[in-house]
Amino acid sequence: MGRATTAMRALYGAVMTLIALAMLGLVPNAARADSLPPAGGAPHLPMTLVADTNAPRAGQTMTLALDTRPEKGWHGYWRNPGDAGFAPSFDWTLPKGVTIDGAQWPVPETLVVAGLMNFVYATPYAPLFTVHVPAGLAVGTPLPIRVHVNYLVCTDTICVPEQQDVATSLKIGDGAPADGAAFDRWRAAIPKPLDAAATYQVDGGTVRIGIPLPATAKVEDAYFFAGTPGSLKYAAPQSVARDGDRLVIATQGTPTGRIEGVLRIGKGLGLSIRAAPGVVPAATGDGGGGDGAAWGAVLVAFAGALLGGLILNVMPCVFPILSLKALHLAKGGADERTARVDALGYTIGAVLTCVALGGAILALRAGGSAIGWAFQLQDPRVIVLLVALTLAIGLNLLGRFEVPTPQFATHGGAMGSIATGALAAFVATPCTGPFMGAALGAALVLPWPAALAVFGGLGLGLALPFLAIGFVPALRRMLPRPGMWMERMRRILAVPMLLTTAALLWLVWRQAGLAGLAAGLAAALLVTAVIVAGGRRQRRGQSFGAPLGLAAVALPALAAVALTGVGSVHAAARADAFSEAKLAELRRQGRPVFAYFTADWCLTCKVNERAAIDTDTARAGFARHKVAVLVGDWTDGDPVLGRFIQAHNRAGVPLYLYYAPGAAGPRVLPQVLTPGMLAELQ
C-alpha cells in the first residue's frame, strides 16, 4: 500500500509539472504563450531588479537582487521545487563583456499539499546574482541589464505559469552603495557555506547525514532541503539529533555520489551543505549544553574585550589621561570616598562611551551602513575636533592655562571623572589590540544585549587600572609623594599628547587632502590663540573668561563644519590595491594571496606593517613562494571594503587573510604578525 501511495504522489507531481511546462511551451509541440494572464492582469509574483550600486566600478563585481513579493496566498519555488512544480529559469540580456553568475537562493520554506513536499517562498524573498563588470569602461558608460523569467506560481489548490521581463539601467561610476539595508537583509537570508565536509550513509532505506557543527552553534527548527534532485524522499519525515559537535539527520532516500543542499538552522537562516558517502554512526544523544556553550562564547568574547581594553592603557593617546588621574590622587588629600567616586566616575564614562559607540555601530549596520570600530575617525570633521581637543590638553599639560574644559583631566569630582573616562574611550578606539579583533568581531554577530556587554567589557578593561587605584588603598600608597616631579611629569606627558595632535593632522590630510589639512591647522591655530589669551588673563589673577571659553569650542567647530561636503581624497592607485575582482583573478591563476586591510588611523596596523609586512624577511618569503600581496585601505571607510571585512566577522581593521592555492576559503591570520610568520606562507 505504501509503495502504491508513493507512486501515486510521484505521478501527481509529474503530471502537474508537465502541465505547467506545456503551458510555457517548454515541452516539444506545446503551444507557447507569452504568459498566462492572471486575474486582474497583474502577476501573482511581482518582481523588481535591484542593484547594490547604481554606479558600479569598472573591473569589479556588483550584486543584483530579484526582489520578489508573492501575492497573499500564493508562493514561488526554490531551485529544487520538491515533489511538484519547477524551478524558475532566467534568460539574461547583458552589455558586451558583462557576465553573471548563477542565482544564490535564500533559505526556502516547506509546504505539504496532498502529501507532496514543496520547497517554496510564500513571503517576500530575493535571489542574488553576482555581476562581473569588465575593466576599462569609462565613467558614465551605460549598463542596461534585462532578464526574462519563466516561473510557476501556486496556491494550495491551483498553479499558474507566468513570465516577466524586468530590467534596470546603471552607469559606470564610483561604486557607491545603494539600498544597503535591503541588501544586508537579503544577504543574511542566503545560506552560508559550511567550512567542513558532511558525510551520509545509506542503511536500507534510511539515510543518515552527519553534519559537523559545533555544540555552541544555536539550531532551531532544523530541516535539510535536498538540492540534488532525486537524492532523498522529500515528503519523508526527518529526525534531527545533536551528538556533540555534529548534527545527525535521519530520513529516507537512495542517494548516490555527492549530494548537496541547505540546512535550516533558524528562521531565515541556513548553511550550505555538501556531503559525500561514508560512515555516519547513529546519534548517541542530543549533546546538551547548547545554552551553556553559547554563554561560554559570550564570556570568551567579553574576556577578550576586557583584556584588550586593559592593554589600551599603554597606548600613547590614552596613557597620559590615565596618568593624570593617578597624579591627581597622588597629590594627597583625597579620602577613601573621594578616590572611589573618582574611580567609579572614570569607569562609568569609559563603559558608557564604549557601549554608546558599539550601539551606534550595531544600529547603523542594521540600517545598511558598512561601518566598523573607530568609525568616527573616518569622518574628517571629527578628526578636526580631536585636533583641537588633544592640542588643548597638551597645552594644559605644559602649564599654558587652567580652564574647566580640559581641567577635568587633572581634577576630581564625579562629572569630571566621567568626562575623563569618556574621552579616554573615545580616543582609544583606533587602537584595536591583539585580543580585541576577534572579540569585537564576535560582538557584531551576537544578539544585541550580548554584543553591548562585550563593548562594555572593553570600557571596563580600559578603566581597570584607575578602578584598582581608587579602590585599593595599598596601590594608592605606592604612588610617589607629591613634589616637583609631578610638574615635570606633566611636561613629559604633554609630548605623546602633542604627537597625537600631529598624527591627527596627518590623518585629516590623508582623508581630505589640503582642505582637510587647512581645516585642521586652522582649528589648531585658533584654539592656541584663544588658550594663550585665556592663560594671560589667568596669570593676572583673572578668570579665563566665558567668551574665550565659548570661542575655544565654537571656532574649531566652525573649522570642522567647513569640511562638510568635501569628498574623500584617495591615494594614487596602487598596483597591489585590493579588489574582489583582482583577488578572484589571482586565485584563478593558482597564486597564493596575502590580503591585508589597514587604515591610517589604526595604530596596530601601522606597527604590523613596520615590524612584519614591510620587512626584507617577509618580502623575500613572498618572492620565494610567489605570494601576491593585496592591500585594502579602509582609511576613509570605503563601503565596499567595509562589507568585505564584515563578511569575515571583523568589526574593523586590521584584518589579515591568506588564500592558499586551491583552498575553499582564506585563513585568518592573528592580529599580531611576525616576519617569520609571513615568510612561511606558501
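Since every read-out is calculated from the coordinates, none of them should be taken as a lab result. Here the structure is a predicted model, which is why all the values come from computation and not from measurement. Cβ placement follows ideal geometry from the backbone for every residue including glycine, while neighbour counts extend to all protein chains displayed.
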message = Can you give the FRET efficiency to the nearest 0.05 for residue 680 and residue 528, using r as the Cβ-Cβ distance and R₀ = 30 Å?
response = 0.05
Local electrostatic count, residue 56, Cβ distance below 11 Å [Lys/Arg +1, Asp/Glu -1] = 0
key: In range of the label at residue 254: residues from region 188-224 whose backbone nitrogen is under 19 Å from the point 7 Å along Cα→Cβ   = 200-209
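Among the listed pairs 96/171; 192/626; 96/582; 192/233, which have their C-alpha atoms separated by more than 22 angstrom in this model?
As for pairs spanning more than 22 Å Cα to Cα, those are 192/626; 192/233.
Working out 0.36 nm times the residue gap between residue 515 and residue 471, then minus their Cα-Cα distance, what length gain in nm do you get to one decimal?
Residue separation times 0.36 nm, minus the Cα-Cα distance, leaves 11.1 nm.
Quick check on region 580-679: take the gyration tensor over C-alpha atoms, sort the square-rooted eigenvalues as a ≥ b ≥ c, and tell me if it's rounded (a/c under 1.5), prolate or oblate.
Working: a/c = 1.83, a/b = 1.09, b/c = 1.68.
Taking the square roots of the gyration eigenvalues as a ≥ b ≥ c, region 580-679 is oblate.
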inquiry  = As an exercise, use a Förster radius of 45 Å and the Cβ-Cβ distance of residue 168 and residue 363 to find the FRET efficiency, rounded to the nearest 0.05.
reply    = 0.95
note = So for region 69-134, using the alpha carbon gyration tensor with a ≥ b ≥ c as root eigenvalues (a/c under 1.5 gives rounded; past that, a/b versus b/c decides prolate or oblate), I'd call it prolate
note = So residue 197 and residue 112, fully extended at 0.36 nm per residue minus their Cα-Cα distance, gain in nm 27.6 nm
ask   = Between residue 553 and residue 588, what is the spin-label point distance in nm, taking each point 7 Å from the Cα along the Cα→C-beta axis?
value = 5.8 nm
ask   = What residues of region 579-603 lie in the reach of a label at residue 631, counting those whose backbone N is under 12 Å from a point 7 Å from the Cα along Cα→Cβ?
value = 596-600
task = Give me the distance in nm between label points sitting 7 Å out from Cα along the Cα-to-Cβ direction at residue 648 and residue 543, one decimal.
result = 5.5 nm
query = Alpha carbon centre of region 187-254 versus region 628-660: separation in Å?
reply = 32 Å
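Report the FRET efficiency, 1/(1 + (r/R0)^6), for residue 245 and residue 340, where r is their Cβ-Cβ distance and R0 is 30 Å, rounded to 0.05.
0.05
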ask   = What is the gain in length, in nm to one decimal, between residue 138 and residue 158 on full extension, counting 0.36 nm per residue of separation less the C-alpha to C-alpha distance?
value = 2.2 nm
